[in-house]
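Here is the structure we will look at, set down as structure tokens.
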Amino acid sequence: MVVRTAEDYYSHLRALLPPGPAWDREFHPEVDELLRAGAQELAREDARAFDLLSESNPETVRELVPGWERVMGLPDPCLGPSPGFDDRQLAVRRRLVAVGGQSRAYFIDLAFSLGYPEARIIEHRSPRFGRSRFGAARFGTWSAQFMWTLESGPRRRVGRRFGASYWGDRFGKDPITALECAVRQSAPAHAVEYIKYSENT
């Protein structure tokens, strides 16, 4: 969509005037003032129409984030009691395109989106005849087939810090609770999940 300026609208309005001395700028400057005022209003409406298109897309929404949250059942409790505006925007986008999943790839991708690019999952196995062997470090228990561990790996250097934050946002916000909450919220009901954090997380 092309957003026209007040000067664009003024030239259009001027071109639409009928010929004749009644519309001459030299004899009737008030007509020119009226056209300029109308052009300002038309340009403002054009800009707001463009804003409306932007607000209808979760990738570019800003003003209507509270409306999107109301429709989508947000803010997510995993974001804490007072999430930052950028986090709320991202939650709207995720909620719209998320399809969920129970695969290893889904949970690795979930950890990646929260700032853990080297995350990996270890699935535990229960002892079974023909698959277990003597001398292994441990056999585990029958319920081990429902257990898995997410090893987070080091966390990307993102988050709130001086020079890259906005007014009112707390420095050093702890993202660990967000990862735990998101994983436990999405995990299957029968699963027992553990999260192992890297020492430099």
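The values are calculated or read from the model by the stated rules, or taken from the named source; none is laboratory data. Worth saying up front: this structure is predicted, and the values here are computed from it rather than measured. Cβ coordinates were reconstructed from backbone atoms using ideal geometry, including for glycine residues, and neighbour counts include every protein chain displayed.
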Scan of the stretch 68-88 for residues that are in a loop (DSSP other than H, G, I, E, B) and either in the same structural domain as residue 186 (by TED's automatic domain parsing) or surrounded by 15 or more Cβ atoms within 10 Å (Cβ to Cβ) (or both), ordered by number: 74, 75, 76, 80, 83, 84
Subset of the stretch 114-145 [at pLDDT below 85, outside any loop (DSSP other than H, G, I, E, B) and surrounded by 15 or more Cβ atoms within 10 Å (Cβ to Cβ)]: 144, 145
Yes/no for residue 154 being over 23 Å from the mean Cα position of the chain (by Cα) and at pLDDT 75 or above: no
Across the stretch 45-66, which residue is farthest from the chain's Cα centre (by Cα) among those that are assigned to a helix (DSSP H, G or I) and in contact (Cβ under 8 Å) with a residue 24 or more places away in the chain? 46
